[in-house]
Amino acid sequence: MSVLMMPFQPRFICLTLALSLFVGSLIGLNYLPADPVLLVLLIIAGGFSALGLHDYFQTHHAILRNYPIAAHIRFLLEEIRPEMRQYFFEDEKHSLPFSRDKRAVVYQRAKGVLDKRPFGTNYDVYADGFEWLNHSMKPTSAKPDDFRITIGGPDCEHPYSASVFNISAMSFGALSPNAIHALNKGAALGKFAHDTGEGGFSPYHKAGGGDIIWEIGSGYFGARNLDGTFSPEAFAKTAANPQVKMVELKLSQGAKPGHGGVLPASKVSAEIAETRGVPMGQDCVSPSSHSAFSTPVEMMKFIGEMRRLSGGKPAGFKLCIGHEWEFMAICKAMLETNIYPDFIVVDGSEGGTGAAPMEFMDHIGRPLREGLSFVHNTLVGIGVRDRIKIGASGKIASAFDITRAMALGADWCNAARGFMFAIGCIQSQSCHTDRCPTGVATQDKSRQRALVVPDKANRVANFHNNTLHALSELTAAAGLEHPSDFHREHISRRISQSEVKTFADLYPELQSGALLNGTADARYTTAWNRADAHSFRSATAAAA
Ligand SMILES: Cc1cc2nc3c(=O)[nH]c(=O)nc-3n(C[C@H](O)[C@H](O)[C@H](O)COP(=O)(O)O)c2cc1C
Ligand code: SF4
């Protein structure tokens with residue numbers, strides 16, 4: 001966008017009009033010095049011009065920087081929204097995709113302002129599906145500073161001490177340079193990890209100085225040859241960077257499993273091309289499947305290579321569960337090769353993305369709870385759960401969301417959109433248009449400037465720290481010392497007006513080794529029998 005055209009963009013038109021009227025009335029007063037109309041016009045236009053210029057240059061509100069003067073209307077509407085909604089519109093807990101209440105608590109925790117609520121819950125606690133945490137009669141005093149876990153199995157030389165709450169994968173390309181910089185700087189301030197997403201380890205990650213989980217997807221961005229195949233040399237070079245604490249292979253993400261991705265040529269800036277190792281002026285394509293391996297056994301060998309090439313850092317993979325036998329085939333491959341990932345990140349189909357086809361977003365992939373409990377159970381069922389850590393993502397933004405995931409088997413949680421809210425995202429859902437109003441998900445430089453890195457980095461760290469503080473209060477109320485003490489019996493769900501079940505009843509656990517000794521229940525054994533370490537296809541389908 002040419003700088004000369006900026007004043008004529010709709011979002012700057014109020015400021016342009018105010019300035020024009022101010023200058024026009026000044027010129028008019030030169031000819032008609034005592035004209036009262038011109039004098040009033042000068043005062044009003046001068047006031048609006050000063051307000052607009054202040055909005056444009058202030059560093060606290062992204063939306064004001066991008067919509068000087070006009071954004072005040074939004075704040076005014078925000079102010080009267082509760083009253084309007086109370087009479088006419090949706091309720092606070094309406095969750096599409098994130099409820100207003102959930103977003104408000106993120107904003108409050110990110111800004112470090114009061115995050116309490118008055119009067120009582122707005123939820124109908126007798127509605128089917130309502131969930132709660134069972135508290136203890138003997139609360140403890142859990143400390144958020146201790147909420148770390150060690151990731152790295154016996155084959156890992158450099159285990160990583162991770163926070164239980166980290167920034168989920170979002171690429172440089174999907175997010176703006178300022179967004180990446182603010183997220184990573186916030187991670188450095190709050191001492192937690194930031195997943196790069198498949199778009200590579202960019203200069204903006206490096207500028208932040210925070211701990212990195214470096215993700216590679218099927219495009220192998222930052223670790224590829226010119227023809228798009230995996231380059232061990234390029235991978236080893238980047239993985240050696242001390243900021244990189246873990247390396248992650250992306251198989252799929254919940255919002256679009258089984259679908260690749262395209263960053264259109266228009267968005268492939270010189271920096272993105274450099275970071276990803278792709279040419280400028282061409283669409284940047286992530287294929288829907290990997291070229292570096294084609295069977296579960298080959299995939300395990302590839303994970304082993306990633307760990308070796310990174311000098312022994314924790315290596316793992318991320319996926320959204322689809323066919324059960326495919327994940328079980330990977331488990332069989334672990335047993336056959338004796339190569340185990342250090343971690344697995346389970347993403348739910350409720351997860352987010354920069355852009356995906358509607359059908360993929362709405363109807364493909366297993367939701368987090370079912371995926372997470374299945375992965376946990378399967379690893380228990382083959383007796384390797386103690387050497388592999390599980391991360392979870394999928395609409396996790398509050399401390400209760402974390403407890404719920406940990407109760408189902410997660411060792412740590414990641415949030416993507418929660419941290420987007422922390423840096424100013426207002427859920428306008430126009431990420432795919434390159435016209436993000438807050439500078440979070442855009443490559444348009446005139447919009448990116450709305451996001452001021454130091455201010456938003458502090459909010460990222462605050463959101464993390466205040467969420468862990470809330471988590472420590474929940475942990476203590478449940479009578480536990482650490483969030484990893486949460487188990488399935490700690491969470492209850494209303495099934496009907498007269499029936500309540502705990503997660504222990506709803507998501508029964510397998511006994512250790514049950515898949516190996518044949519004592520697992522039928523649903524697991526049927527899928528287990530279909531799994532083949534040498535093929536992602538079902539063994540029965542292959543035989544037919
Ligand atoms: C803008 C955006 C970009 C994303 N890019 C990636 C990516 O590059 N790699 C990946 O594994 N997941 C990606 N994701 C998925 C998230 O990492 C996460 O798994 C998912 O959004 C669920 O977390 P949430 O519900 O907290 O957003 C992206 C999500 C968003 C919103
Ligand atoms: S403000 Fe809107 S366009 Fe920007 S990141 Fe948030 S949802 Fe996407």
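Only one of the listed residues (GLY281, GLY228) is in contact (Cβ under 8 Å) with a residue 40 or more places away in the chain and either of a type outside the set (A, V, I, L, M, F, W, C) or outside any strand (DSSP E or B) (or both). That residue is GLY228. One residue alone among SER472, SER492 is surrounded by 15 or more Cβ atoms within 10 Å (Cβ to Cβ) and part of a strand (DSSP E or B), and that residue is SER492.
A search for C-beta distances below 7 Å between a residue of segment 519-541 that is at pLDDT 95 or above and any residue that is of a type in the set (Lys, Arg), counting only pairs 6+ apart in sequence or on different chains, returns ALA531/LYS332; ALA533/LYS332.
Taken over segment 189-221, the residue count meeting the criterion of being in a loop (DSSP other than H, G, I, E, B), over 24 Å from GLY112 (Cα atoms) and either of a type in the set (Gly, Ala, Ser) or not assigned by TED's automatic domain parsing to the domain that holds VAL278 (or both) is 7. For segment 416-432, check the following and say yes or no: at least one residue is within 16 Å of ligand 1 (Cβ to nearest atom), within 23 Å of ASP342 (Cα to Cα) and out of contact with any Lys or Arg (no Cβ under 6 Å at 6 or more places or on another chain). Yes; the residues of segment 416-432 include at least one that is within 16 Å of ligand 1 (Cβ to nearest atom), within 23 Å of ASP342 (Cα to Cα) and out of contact with any Lys or Arg (no Cβ under 6 Å at 6 or more places or on another chain). Number of residues in segment 294-308 that are farther than 18 Å from THR540 by Cβ and surrounded by 22 or more Cβ atoms within 10 Å (Cβ to Cβ) equals 5. Note on segment 99-141: residues that are modelled with pLDDT of 95 or more, touching a Lys or Arg at 6+ places or on another chain (Cβ under 8 Å) and within 16 Å of ligand 2 (Cβ to nearest atom) total 1.
Taken as a whole, the condition of being of a type in the set (Gly, Ala, Ser), part of a loop (DSSP other than H, G, I, E, B) and either buried (at least 24 other Cβ atoms within 10 Å of the Cβ) or within 16 Å of ligand 1 (Cβ to nearest atom) (or both) does not apply to GLY186. Against the conditions (1) closer than 27 Å to GLY354 by Cβ; (2) touching a His at 6+ places or on another chain (Cβ under 7 Å); (3) acidic (Asp, Glu), ASP195 satisfies every one except (2).
Could you tell me whether segment 479-488 includes any residue that is within 30 Å of PRO264 (Cα to Cα) and touching a residue at least 40 places away in the same chain (Cβ under 8 Å)? No - not one qualifying residue is present in segment 479-488. What single numbered condition from (1) more than 17 Å from the chain's Cα centre (by Cα); (2) small (Gly, Ala, Ser); (3) surrounded by fewer than 22 Cβ atoms within 10 Å (Cβ to Cβ) fails to hold for ALA356? Among (1) more than 17 Å from the chain's Cα centre (by Cα); (2) small (Gly, Ala, Ser); (3) surrounded by fewer than 22 Cβ atoms within 10 Å (Cβ to Cβ), the lone unmet condition for ALA356 is (1). Right, PHE119: of a type in the set (Phe, Trp, Tyr), touching a residue at least 12 places away in the same chain (Cβ under 8 Å) and either farther than 30 Å from PRO437 by Cβ or surrounded by fewer than 14 Cβ atoms within 10 Å (Cβ to Cβ) (or both) or not? No; evaluated as a whole, the condition is false for this residue. The single residue among LEU175, LEU263 that is within 16 Å of ligand 2 (Cβ to nearest atom) and at pLDDT 95 or above turns out to be LEU175.
When you look at VAL346, is it modelled with pLDDT of 95 or more, of a type in the set (Val, Ile, Thr), in contact with a Leu (Cβ under 6 Å, 6 or more places away or on another chain) and closer than 27 Å to ALA422 by Cα, yes or no? Considered against the rule, which asks whether it is modelled with pLDDT of 95 or more, of a type in the set (Val, Ile, Thr), in contact with a Leu (Cβ under 6 Å, 6 or more places away or on another chain) and closer than 27 Å to ALA422 by Cα, VAL346 comes out as yes. Annotation note: of SER294, SER289, the sole residue that is within 18 Å of ILE216 (Cα to Cα), assigned to a loop (DSSP other than H, G, I, E, B), in the same structural domain as ALA397 (by TED's automatic domain parsing) and more than 26 Å from the chain's Cα centre (by Cα) is SER294.
If the condition is being out of contact with any Phe, Trp or Tyr (no Cβ under 8 Å at 6 or more places or on another chain) and either assigned by TED's automatic domain parsing to the domain that holds THR442 or surrounded by 13 or more Cβ atoms within 10 Å (Cβ to Cβ) (or both), then segment 23-47 contributes VAL23, GLY24, SER25, LEU26, GLY28, LEU29, ASP35, LEU38, LEU39, LEU41, ILE44. If you check PHE360, PHE327, PHE302, which single one turns out to be hydrophobic (A, V, I, L, M, F, W, C), in contact with a helix residue (DSSP H, G or I) (Cβ under 9 Å, 6 or more places away or on another chain) and farther than 22 Å from ALA162 by Cβ? Result: PHE327 is the single residue among PHE360, PHE327, PHE302 that is hydrophobic (A, V, I, L, M, F, W, C), in contact with a helix residue (DSSP H, G or I) (Cβ under 9 Å, 6 or more places away or on another chain) and farther than 22 Å from ALA162 by Cβ.
ALA450 meets the stated requirement of being out of contact with any strand residue (DSSP E or B) (no Cβ under 8 Å at 6 or more places or on another chain) and hydrophobic (A, V, I, L, M, F, W, C). One residue stands out in segment 208-244 among those that are closer than 15 Å to ILE303 by Cα and out of contact with any Ser or Thr (no Cβ under 8 Å at 6 or more places or on another chain): the one that is farthest from ligand 1 (Cβ to nearest atom), namely PRO232. For segment 497-518, the candidate set comprises residues that are among the hydroxyl-bearing types (Ser, Thr, Tyr) and touching a residue at least 12 places away in the same chain (Cβ under 8 Å); within that set, the residue that is farthest from LEU133 (Cα to Cα) is SER512.
In segment 366-381, the residue that is surrounded by the fewest Cβ atoms within 10 Å (Cβ to Cβ) out of those that are out of contact with any Lys or Arg (no Cβ under 8 Å at 6 or more places or on another chain) and either aromatic (Phe, Trp, Tyr) or over 25 Å from ALA193 (Cα atoms) (or both) is GLU370. Restricting attention to segment 506-522, the residues that are under 23 Å from ASP411 (Cβ atoms) and surrounded by fewer than 17 Cβ atoms within 10 Å (Cβ to Cβ) total 6. Per the conditions (1) loosely packed, with under 14 Cβ neighbours inside 10 Å; (2) without any contact (Cβ under 8 Å) to a residue 24 or more places away in the chain; (3) under 25 Å from PHE463 (Cα atoms); (4) of a type outside the set (A, V, I, L, M, F, W, C), the sole criterion not satisfied by ASP124 is (3).
Test ASP411 against the stated conditions and say whether it is away from ligand 1 (no atom under 13 Å from the Cβ), among the acidic types (Asp, Glu), in contact with a helix residue (DSSP H, G or I) (Cβ under 8 Å, 6 or more places away or on another chain) and closer than 26 Å to PRO159 by Cβ. For ASP411, the condition - away from ligand 1 (no atom under 13 Å from the Cβ), among the acidic types (Asp, Glu), in contact with a helix residue (DSSP H, G or I) (Cβ under 8 Å, 6 or more places away or on another chain) and closer than 26 Å to PRO159 by Cβ - is met.
The values are calculated or read from the model by the stated rules, or taken from the named source; none is laboratory data. For clarity, every value in this text was computed on a predicted model and none was experimentally measured. Because the Cβ atoms are built from the backbone with ideal geometry, glycine has one as well, and the counts that use them run over all protein chains shown.
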